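K.L.:
Quick one: the structure is below, and I'll ask about it shortly.
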Amino acid sequence: MSKKIAYGGILLALNTILLLLINVIPINTLFIMGVASLIISIVIMEWGPKSGVIFYIGTVILSFIVMTNKVQWVAYILTFGIYGLVKYFIEQDRHIYTEYILKLIFANIMICILYLILKSFIQIPINIILVLAFEVVFLIYDRVYTSFIIYYNEKLKKLIKNI
């Protein structure tokens, strides 16, 4: 039990450090958020979705404290931060096309909520090309996320267990 808490604490600290980097490195914000979101998948793979929810709540609280730009915080918690949990629940014994449709529905709902929240703060031009580009980029992100999960299970997990 103490090993689980220690490992989870290290992962939460790593996640927080990545989100803290957003304040220091103002470029590549979306990339850093994407990398930070991969950590929740480790928690879910190691200890299940209940621990993933607790980890997500911890991430929300700590990221609120360390992220100075609250617009970026809202973007992280509504999209990247929760995606590992959503991906886990969507990919439960469903056909691959159903999974992609559900993932795109989730992504579009979250981006619409994000748009509605942020439109009073910043001007965001919306057109069909931007929406289609978002969906393509989201599918690439999902594929990278899946590749990370496979890499973790095949290589990193064994390496970490030996430490």
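K.L.:
Count the net charge of all other residues whose Cβ sits under 14 Å from the Cβ of Lys103, scoring Lys and Arg as +1 and Asp and Glu as -1. Walk me through the intermediate numbers first.
P.N.:
Values: positive: Lys87, Arg94, Arg143; negative: Glu91, Glu99, Glu135, Asp142.
So the environment of Lys103 carries a net charge of -1.
K.L.:
Just to confirm the filter: which trypsin sites (Lys or Arg not before Pro) across region 1-107 are DSSP coil and have at most 15 other Cβ within 10 angstrom of their Cβ?
P.N.:
On the way: sites: Lys3, Lys4, Lys50, Lys70, Lys87, Arg94, Lys103; in loops: Arg94.
Within region 1-107, the qualifying trypsin sites (Lys or Arg not before Pro) (loop, at most 15 other Cβ atoms within 10 Å) are Arg94.
K.L.:
Leaving out ligands, DNA and RNA, and with a 1.4 Å probe, what % of the accessible surface on the chain is carbon or sulfur? Don't skip to the end; give the middle numbers.
P.N.:
Values: 7410 of 9930 Å².
Ligands and nucleic acids excluded, carbon and sulfur reach 75 percent.
K.L.:
Kindly provide log₁₀ I(q)/I(0) values, in the same order as q = 0.11, 0.12, 0.18, 0.21 Å⁻¹, from the Debye equation applied to equal alpha-carbon scatterers of region 12-163.
P.N.:
Debye intensities relative to I(0), on a log10 scale: -0.45, -0.53, -1.20, -1.55.
K.L.:
Could you work out [θ]222 nm for the chain from helices alone, using -39500 (n - 2.57) per DSSP H run of at least four and dividing by all its residues? Round to the nearest 500 deg cm²/dmol.
P.N.:
Working: 8 runs with 128 residues, N = 163.
Calculated mean residue ellipticity at 222 nm is -26000 deg cm²/dmol.
K.L.:
Helix check for the chain. Which DSSP H runs span at least 30 Å along their own axis by Cα, with a mean Kyte-Doolittle hydropathy no less than 1.6? Show your work: numbers first, answer last.
P.N.:
Working: long enough: 2-24 (33 Å, 1.48); 96-118 (32 Å, 1.91); 128-151 (34 Å, 1.83).
In the chain, the long hydrophobic H runs are 96-118, 128-151.
K.L.:
Here's a follow-up. Mind checking the per residue accessible area of region 17-146 for me, 1.4 Å probe, whole number of Å²?
P.N.:
Working: 7420 Å² over 130 residues.
On a per-residue basis, 57 Å².
K.L.:
Right, next: Taking the Cα centre of the chain as the origin, how large is its charge dipole in debye, to the nearest 20, when only Lys and Arg (+1) and Asp and Glu (-1) carry charge on their Cβ atoms? It would help to have the intermediate numbers written out before the result.
P.N.:
Details: 13 positive and 7 negative charges, 84 e Å.
For this selection, approximately 400 debye.
K.L.:
May I ask which of Lys4/Lys50; Lys87/Lys155; Lys50/Lys70; Lys50/Lys157 have a Cα-Cα span longer than 25 Å here?
P.N.:
Working: Lys4/Lys50 13 Å; Lys87/Lys155 21 Å; Lys50/Lys70 27 Å; Lys50/Lys157 20 Å.
The pairs that break the limit, which is 25 Å between Cα atoms, are Lys50/Lys70.
K.L.:
How long are the semi-axes of the equivalent ellipsoid of region 97-144, defined as square roots of 5 times the Cα gyration tensor eigenvalues? Whole Å, largest first.
P.N.:
Taking √(5λ) for each eigenvalue gives 22, 12, 9 Å, largest first.
The values are calculated or read from the model by the stated rules, or taken from the named source; none is laboratory data. Just so it is clear, the structure is predicted and the values come from calculations on it, not from any experiment. Neighbour counts run over all protein chains shown; Cβ positions are idealised from the backbone, glycine included. The area values use the complete protein model at the heavy-atom level, side chains included, leaving out ligands, DNA and RNA. Shrake-Rupley method; radii C 1.70, N 1.55, O 1.52, S 1.80 Å.
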